[in-house]
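Contents: one structure, followed by commentary.
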Amino acid sequence: MLSLQSFSQATDQKISAAASGWTSKMNEWLKLSPEKTTQLTKLNEQMLVSIQEAYKPIKSNPSATDAEKKAAGNKFRDAMRKRDREINQLLSADEQAILKAHQNESRAIAQTKIMSNQLDLPPDQESKIEAINLEASKKLPENDGKKNRSEMSKTEKREMGQAMRKVQQEKEKAYADVLTAEQMKKYTETREKARNQMRNRRSGGNR
C-alpha cells in the first residue's frame, strides 16, 4: 500500500490503488453494497489527492520552513477529517459503530506494538497493555470528523484537551500496574522526548 510519505510523488494510478486498498480493508469490516463501496473508494481517493497536494511543496523544497511544514500537517489533518465527515454521511448508524470499533482496535494494536518494541514486552505484558490501550481508545473524545479543530471554539478545544489528558492519566496509571519500574521509567522518558519534539516543532512554526 502507498505510504503517506510517497503521496507527493505518486501517480494517479498509485493513488487509485491505495484508495482501493483502504476501501477493501474497511469493507472487510462493513460488508458494504457495491454502490457504497464505489462511493467510499472515491472519498479515499479525494483525501489522498488532497494530502498529495498538501505535501508536494514540502517534498520539492528541502529548505521548507517549520511554518510551511506545520501548514502541510494541518492540511493533512483537515483532509482526513473531511473524509471522515463524508464517510459518516455515507454510512448508517450501525455501520459507523462497526467502523469505529475496528478503528479503535487497530489504533490500540498499533500503539501496543510500538510500546512492545520500545520496552521489550513479553507476551503476557503485551496482551495486558493492549487491553488497556483498547479500553482507552474507546474513551477518547472524538468529534467523528464533524468539525475541524480550526473550527472549534477555545472552550471546545479546552474541554477536549482536558478529556484527553484524563484518559491518558488513567491509561498510564493502568500501565504502572503492568510494567516494571524500569519499563515505566523508559516509557515516561520516551513519551516526554516525543512531547518535547512536538513542542519544538510548534514553537518553530510560530516564529
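Looking only at segment 70-95, which residues are surrounded by 14 or more Cβ atoms within 10 Å (Cβ to Cβ) and of a type in the set (D, E)?
D78, D84, E86, E95
Only one of (1) under 20 Å from I15 (Cβ atoms); (2) loosely packed, with under 15 Cβ neighbours inside 10 Å; (3) touching a residue at least 60 places away in the same chain (Cβ under 8 Å) fails for A67. Which number is that?
(1)
What pairs can you find where one residue is in segment 49-61 and farther than 14 Å from G73 by Cβ, the other is among the charged types (D, E, K, R), and their Cβ atoms are less than 9 Å apart, with a gap of 6+ or different chains?
From residues that are farther than 14 Å from G73 by Cβ, the pairs are V49/D12; N61/E68.
Which of the numbered conditions does K100 fail, given that it passes all the others? Conditions: (1) in a helix (DSSP H, G or I); (2) modelled with pLDDT of 90 or more.
Among (1) in a helix (DSSP H, G or I); (2) modelled with pLDDT of 90 or more, K100 violates only (2).
Considering only segment 53-76, state which residues are of a type outside the set (F, W, Y) and in contact with a Ser or Thr (Cβ under 6 Å, 6 or more places away or on another chain).
Matches in segment 53-76: K56, K59.
Within segment 69-96, how many residues turn out to be at pLDDT below 90 and assigned by TED's automatic domain parsing to the domain that holds K185?
Within segment 69-96, residues that are at pLDDT below 90 and assigned by TED's automatic domain parsing to the domain that holds K185 number 0.
Consider only pairs whose beta carbons are under 6 Å apart and that are at least six residues apart or on different chains; among these, list those whose first residue lies in segment 91-104 and is under 24 Å from N133 (Cβ atoms) and whose second residue is modelled with pLDDT under 90 and assigned to a helix (DSSP H, G or I).
N104/S137; N104/K138
Yes/no matrix, rows are residues, columns are (1) at pLDDT below 80; (2) farther than 30 Å from D124 by Cβ; (3) exposed (fewer than 13 other Cβ atoms within 10 Å of the Cβ):
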residue: S153; (1), (2), (3): no, yes, yes
residue: V167; (1), (2), (3): no, no, no
residue: V178; (1), (2), (3): no, no, no
residue: Q183; (1), (2), (3): no, no, no
residue: Y187; (1), (2), (3): no, no, no
residue: K193; (1), (2), (3): no, no, yes
residue: M198; (1), (2), (3): yes, yes, yes
residue: R202; (1), (2), (3): yes, yes, yes
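Can you report the number of residues in segment 21-64 which are surrounded by fewer than 17 Cβ atoms within 10 Å (Cβ to Cβ), part of a helix (DSSP H, G or I) and hydroxyl-bearing (S, T, Y)?
Total satisfying the criteria: 2.
Determine, yes or no, whether I114 is surrounded by fewer than 17 Cβ atoms within 10 Å (Cβ to Cβ), among the β-branched types (V, I, T) and out of contact with any Pro (no Cβ under 9 Å at 6 or more places or on another chain).
yes
Could you tell me whether S137 is in a helix (DSSP H, G or I), modelled with pLDDT under 95 and surrounded by fewer than 12 Cβ atoms within 10 Å (Cβ to Cβ)?
Criteria not met by S137.
The values are calculated or read from the model by the stated rules, or taken from the named source; none is laboratory data. Please read all numbers here as calculations on a predicted model, not as lab measurements. Note that we place each Cβ from the backbone using ideal geometry, even for glycine, and neighbour counts take in every protein chain shown.
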